[in-house]
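A.B. asks: I'd like to ask you about the structure that follows.
A short reminder: the numbers here are calculations on the coordinates, not readings from a lab. Fair warning: this is a prediction, and the values are worked out from it, not measured in the lab. Glycine gets a Cβ as well: all are built from the backbone with ideal geometry, and neighbour counts include every protein chain shown.
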Amino acid sequence: MPAIKESQLPAEARTTLAAIRAGGPYRYSQDNKTFGNFERILPRQGSGYYREYTVPTPGESDRGARRIVTGSEGEKYYTQDHYGSFKFIAEGS
């Protein structure tokens, strides 16, 4: 899976990462909910392993397509195309 440095993420994604690290608050009620990984792009894990968070998209009237998905072991992934593809987030870089 390709990786993206944290510093290369859009500003809105870096803001979402900061909220995740702080344990909230989150902008959308759908944030911090279970992500099912139905697309099977992320490594297969048991039910409830992944959580998802909205990355706001400027100019969008709804949540847009960008998300950060976290795993129970602390790994984080970014999608800009609503789960069509993911990049592993290399944090702190």
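A.B. asks: If you check Gly92, Gly59, Gly48, which single one turns out to be surrounded by fewer than 16 Cβ atoms within 10 Å (Cβ to Cβ) and within 16 Å of Lys5 (Cα to Cα)?
C.D. replies: Values: Gly59 fails: within 16 Å of Lys5 (Cα to Cα); Gly48 fails: within 16 Å of Lys5 (Cα to Cα).
Step by step, each of Gly92, Gly59, Gly48 is checked, and only Gly92 is surrounded by fewer than 16 Cβ atoms within 10 Å (Cβ to Cβ) and within 16 Å of Lys5 (Cα to Cα).
A.B. asks: When you check Ile89 against the structure, is it among the hydrophobic types (A, V, I, L, M, F, W, C) and touching a helix residue (DSSP H, G or I) at 6+ places or on another chain (Cβ under 7 Å), yes or no?
C.D. replies: The answer is yes for Ile89.
A.B. asks: Which condition from (1) without any contact (Cβ under 8 Å) to a residue 60 or more places away in the chain; (2) in contact with a Phe, Trp or Tyr (Cβ under 8 Å, 6 or more places away or on another chain) is the one that Gln30 breaks?
C.D. replies: (2)
A.B. asks: Restricting to segment 1-27, count the residues that are free of Cβ contacts under 8 Å to residues at least 12 places away in the same chain and surrounded by fewer than 13 Cβ atoms within 10 Å (Cβ to Cβ).
C.D. replies: Matching residues across segment 1-27 total 7.
A.B. asks: Still on this structure, I have one more. Name, by its number, the condition in (1) in contact with a strand residue (DSSP E or B) (Cβ under 7 Å, 6 or more places away or on another chain); (2) buried (at least 16 other Cβ atoms within 10 Å of the Cβ); (3) within 17 Å of Ile4 (Cα to Cα) that does not hold for Gln80.
C.D. replies: (1)
A.B. asks: Moving on to the next point. In segment 51-93, which residues are among the acidic types (Asp, Glu) and touching a residue at least 12 places away in the same chain (Cβ under 8 Å)?
C.D. replies: Correct list: Glu52, Glu75, Asp81, Glu91.
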